[in-house]
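S.K.: Below is a structure I'd like to ask you about.
The values are calculated or read from the model by the stated rules, or taken from the named source; none is laboratory data. What you see is a predicted model, and the numbers here were worked out from it, not measured in a lab. Cβ placement follows ideal geometry from the backbone for every residue including glycine, while neighbour counts extend to all protein chains displayed.
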Amino acid sequence: MAAVTDEPAIRRGPAPGRLGNSIFKGFSLGSGIVIVVLLGLVAGFLLYRSLPAILASREQLEGVGFMQGRDLLSYVLPLAFGTVLSSAIALIVAVPLSIGIALFISHYAPRRLAQGLGYLVDLLAAIPSVVFGLWGVAFLMPLVGPVFAWLSENMGWFPPFSDYQAPARNLATAGLVLAVMILPIITATIREVFLQTPTLHEEASLALGATRWEMIRQAVLPFGRSGIISAAMLGMGRALGETMAVLLVLSPGFVINFFVLQPGQHQSIAANIASQLPEASGLGVDVLIATGLFLFLLTFFVNLAARAIIARRAEFSGAN
Amino acid sequence: MKLGRIRPFAAVAAMGALALTVAACGPQNADGGDTGGTTGGSDEPALSGSIAGSGASSVEAAQNGWLAGFAELQPGVNVSYDPTGSGTGREQFLNSTVVFAGSDAALDEEELTMATERCFGGEALELPLYISPIAVVYNLPDVDVENINLPAEVVAGMFAGTVTSWDDPAIAEANPDVELPAIDVIPVNRSDDSGTTENFTEYLSAVAPDVWTYGPIETWPIPGTQSGAQTSGLFDVVSGAEGAVGYIDASRAGELGTAAIGVGDDFVPFSPEAAAAIVDASPATEDATDLRLTIELERDTTEAGTYPIVLISYLIACSTYDNEEDAANVAAYLSYIASPEGQDRAADPEVAGSAPISDDLRTRVMAAIEQITVAG
């Protein structure tokens with residue numbers, strides 16, 4: 001009897017939603033753990049498999065045909081240099097372009113056009129990298145060939161532009177293809193940040209008599225600076241690990257220099273792995289995995305540096 | 001009785017691996033069961049079981065053709081070939097992971113000792129069953145002769161970087177009737193490790209050791225060159241630049257110009273016959289036997305009508321196996337490859353475009369295959 005009167009007043013047993021809470025908490029905790037474990041497993045695998053190559057003696061490494069008598073460090077360093085240089089070229093081209101596109105979409109274009117353009121840029125991000133590579137070989141290469149030839153002829157005194165040789169299978173072309181590839185992700189990120197610029201700042205600037213360009217310089221760009229940096233780092237992360245596009249476009253080489261118009265000078269780590277792995281065996285595979293470990297560390301530190309930069313400029317971020 | 005027991009198993013085993021090819025043979029096979037021991041129109045006894053091979057990737061296309069052809073002949077035998085590379089293939093053969101291997105290089109002394117153990121006291125068979133000409137291709141759209149003549153030293157000079165222009169006197173001298181353009185020679189090599197590169201540089205260092213001073217190598221030794229990954233990549237690079245010159249599996253030369261190579265006083269364009277001729281003109285290696293038909297390619301030969309830039313791939317098997325099934329299946333598969341049908345199948349440009357072996361070589365290969373027996 002008592003139970004009947006109790007029931008409407010205080011509900012016994014677990015509160016509604018408690019089960020859902022604990023399930024969701026467990027799920028998100030589990031997901032968080034999974035990502036850490038996965039990262040650890042990948043790092044562990046790379047380290048474990050590259051140990052034989054790291055510990056191998058010079059004589060043993062000489063048995064690996066494609067290393068051509070180099071030791072591990074002098075094999076990895078030119079590759080790392082090529083990887084970073086191609087990404088740097090890509091960033092130099094892509095970041096200013098992205099800022100321009102993002103500004104146009106967020107502040108200049110009529111609303112309808114802006115929306116359409118935004119979708120278009122996002123669509124670019126969905127194109128697989130091998131398609132970009134094919135596009136680079138079939139379309140971009142013949143197009144930039146004459147430009148490079150002209151540069152080399154007229155500005156050859158500037159070392160990076162010296163001694164261009166057709167076809168344009170050089171690091172400059174690879175960098176341009178990478179630039180097009182990372183354009184969408186950088187643009188999309190920067191656009192979001194620009195759109196979050198406080199309207200009050202913009203209106204204040206305009207009210208003081210600033211032109212639209214001055215307003216952008218005073219209000220939008222300072223506000224978006226950390227966003228631009230993090231967007232650039234996101235793009236760089238993609239460019240560093242890009243394989244197919246570089247593999248298709250570049251005549252590889254193992255030299256550390258800035259002759260970006262010459263063939264056979266540079267190679268990226270990821271493209272080198274893809275190119276050598278099919279015929280590699282034994283220690284050769286370990287060496288390639290060791291270069292993979294190096295790339296892993298490289299991207300890790302690039303991201304770390306990006307975080308540090310963003311944290312230092314936290315006062316500008318959209319969070320305040 | 002025995003036949004009835006084997007057939008269902010055979011059909012299942014074959015269909016698993018060679019689904020498409022064999023699916024067509026399955027019903028035919030079942031019908032054939034009523035009429036007797038014939039299979040796929042052949043008089044051979046029907047075999048069953050499975051044999052695995054591994055090795056050189058250069059013969060992958062040919063092996064795919066042979067697998068399909070053999071499946072029509074012996075639908076009961078499931079053959080597989082894994083293009084793991086020559087070195088890995090020999091290793092897997094010696095540690096008994098596979099029963100036959102494909103290799104661009106012959107077994108060395110140490111491997112021969114291991115082979116005796118692996119072959120249950122028998123010997124290893126090394127059969128040169130894949131001969132593929134390597135073409136020197138160039139991109140000169142304004143030159144409309146069929147083949148430009150290139151003396152051996154000039155080929156070496158182009159790739160070593162000492163012959164830098166197409167109107168070089170050495171080229172002009174060999175081509176008196178051709179108006180050569182004054183454009184740069186752009187040598188193009190493979191960017192990945194490749195048996196094609198190894199055979200090509202072996203040729204260069206044999207015919208022009210003073211010009212090509214790098215020796216036979218698998219990885220291109222000269223920095224700063226144009227290069228392409230895999231055969232198709234190299235083809236694209238040569239097609240993409242006027243004045244480019246490269247080396248490529250002859251069946252993939254496409255519409256690119258191919259050079260006639262200087263042999264003696266003659267210039268020989270590549271052809272299956274000329275490629276097979278160099279193999280016949282070359283002596284056996286010093287340690288060759290009736291079972292190991294290894295050939296010391298005489299790349300600097302002056303014999304007329306031979307094309308010296310070829311790639312030979314050996315099929316390696318055992319003279320003795322520990323069970324009847326392996327022995328019979330390997331012998332049947334190798335006989336098929338050596339047969340005119342097998343060689344012609346691989347010679348089809350759609351398959352691998354290789355050069356069929358000569359009848360003389362076939363006789364010796366068949367004699368070696370007949371030696372395959374069961375241990376004990």
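S.K.: In the range B:167-195, which residue that is part of a loop (DSSP other than H, G, I, E, B), within 14 Å of another protein chain (Cβ to nearest Cβ) and within 32 Å of the chain's Cα centre (by Cα) is farthest from B:GLY215 (Cα to Cα)?
M.R.: B:VAL185
S.K.: Continuing with this model, one more query. Going through B:PRO187, B:PRO209, B:PRO216, B:PRO223 one at a time, which residue ends up being surrounded by fewer than 18 Cβ atoms within 10 Å (Cβ to Cβ), under 27 Å from A:GLY136 (Cβ atoms) and not assigned by TED's automatic domain parsing to the domain that holds B:GLU350?
M.R.: B:PRO223
S.K.: Ok, one more. Look at A:ILE101 and say whether it is part of a helix (DSSP H, G or I), within 22 Å of A:LEU240 (Cβ to Cβ) and among the β-branched types (Val, Ile, Thr).
M.R.: No: the conditions fail for A:ILE101.
S.K.: What pairs can you find where one residue is in the range A:73-100 and closer than 30 Å to A:LEU51 by Cα, the other is surrounded by fewer than 22 Cβ atoms within 10 Å (Cβ to Cβ) and of a type in the set (S, T, N, Q), and their Cβ atoms are less than 9 Å apart, with a gap of 6+ or different chains?
M.R.: From the range A:73-100, the pairs are A:TYR75/A:GLN68; A:PHE81/A:ASN257.
S.K.: Something else: Which one of these is assigned to a helix (DSSP H, G or I), among the hydroxyl-bearing types (Ser, Thr, Tyr) and away from every other protein chain (no Cβ under 14 Å): B:THR116, B:THR88?
M.R.: Criteria check complete, one pass: B:THR116.
S.K.: Can you find, within the range A:126-166, the residue that is farthest from A:ALA274 (Cα to Cα) among those that are more than 14 Å from chain B (Cβ to nearest Cβ) and surrounded by 15 or more Cβ atoms within 10 Å (Cβ to Cβ)?
M.R.: The qualifying residue farthest from A:ALA274 (Cα to Cα) is A:LEU151.
S.K.: Does the range B:240-249 contain any residue that is part of a loop (DSSP other than H, G, I, E, B), within 14 Å of another protein chain (Cβ to nearest Cβ), out of contact with any strand residue (DSSP E or B) (no Cβ under 8 Å at 6 or more places or on another chain) and of a type outside the set (A, V, I, L, M)?
M.R.: Yes - at least one qualifying residue is present in the range B:240-249.
S.K.: I would also like to ask the following. Being in contact with a Phe, Trp or Tyr (Cβ under 9 Å, 6 or more places away or on another chain), buried (at least 16 other Cβ atoms within 10 Å of the Cβ) and outside the structural domain of B:ALA115 (by TED's automatic domain parsing) is the requirement here; does B:TYR321 meet it?
M.R.: no
S.K.: I'm told A:LEU304 meets every condition in (1) surrounded by 18 or more Cβ atoms within 10 Å (Cβ to Cβ); (2) more than 14 Å from chain B (Cβ to nearest Cβ) except one. Can you identify the failing condition by its number?
M.R.: (1)
S.K.: Take the residues of the range B:226-237 that are polar (S, T, N, Q) and more than 7 Å from chain A (Cβ to nearest Cβ): which is surrounded by the fewest Cβ atoms within 10 Å (Cβ to Cβ)?
M.R.: Of everything passing the filter in the range B:226-237, B:SER232 is surrounded by the fewest Cβ atoms within 10 Å (Cβ to Cβ).
For every residue, the table says whether it meets (1) more than 10 Å from chain B (Cβ to nearest Cβ); (2) over 18 Å from the mean Cα position of the chain (by Cα); (3) not β-branched (Val, Ile, Thr).
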| position | (1), (2), (3) |
| --- | --- |
| A:PHE223 | yes, yes, yes |
| A:ALA232 | yes, no, yes |
| A:GLY237 | yes, no, yes |
| A:LEU240 | yes, no, yes |
| A:LEU248 | no, yes, yes |
| A:PRO252 | no, yes, yes |
| A:ILE256 | yes, yes, no |
| A:LEU261 | yes, yes, yes |
| A:GLY264 | no, yes, yes |
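S.K.: Mind checking which residues of the range B:181-207 are of a type outside the set (D, E, K, R) and within 15 Å of B:ALA56 (Cβ to Cβ)?
M.R.: B:SER194, B:GLY195, B:THR196, B:THR197, B:ASN199
S.K.: Among (1) over 26 Å from A:ARG70 (Cα atoms); (2) part of a helix (DSSP H, G or I), there is one condition B:SER205 misses while meeting the rest; what is its number?
M.R.: In the conditions (1) over 26 Å from A:ARG70 (Cα atoms); (2) part of a helix (DSSP H, G or I), B:SER205 misses (1) alone.
S.K.: In the range A:266-278, which residue that is over 22 Å from the mean Cα position of the chain (by Cα) and closer than 21 Å to A:ASP71 by Cβ is farthest from the other protein chains (Cβ to nearest Cβ)?
M.R.: A:LEU277
S.K.: On to the next question. Might you let me know whether the range B:103-125 holds any residue that is modelled with pLDDT under 85, among the small types (Gly, Ala, Ser), within 22 Å of B:TYR314 (Cβ to Cβ) and surrounded by 23 or more Cβ atoms within 10 Å (Cβ to Cβ)?
M.R.: There is no residue in the range B:103-125 that is modelled with pLDDT under 85, among the small types (Gly, Ala, Ser), within 22 Å of B:TYR314 (Cβ to Cβ) and surrounded by 23 or more Cβ atoms within 10 Å (Cβ to Cβ).
S.K.: Could you tell me whether any residue of the range A:78-85 is within 15 Å of the chain's Cα centre (by Cα) and under 15 Å from A:LEU234 (Cα atoms)?
M.R.: Within the range A:78-85, one or more residues are within 15 Å of the chain's Cα centre (by Cα) and under 15 Å from A:LEU234 (Cα atoms).
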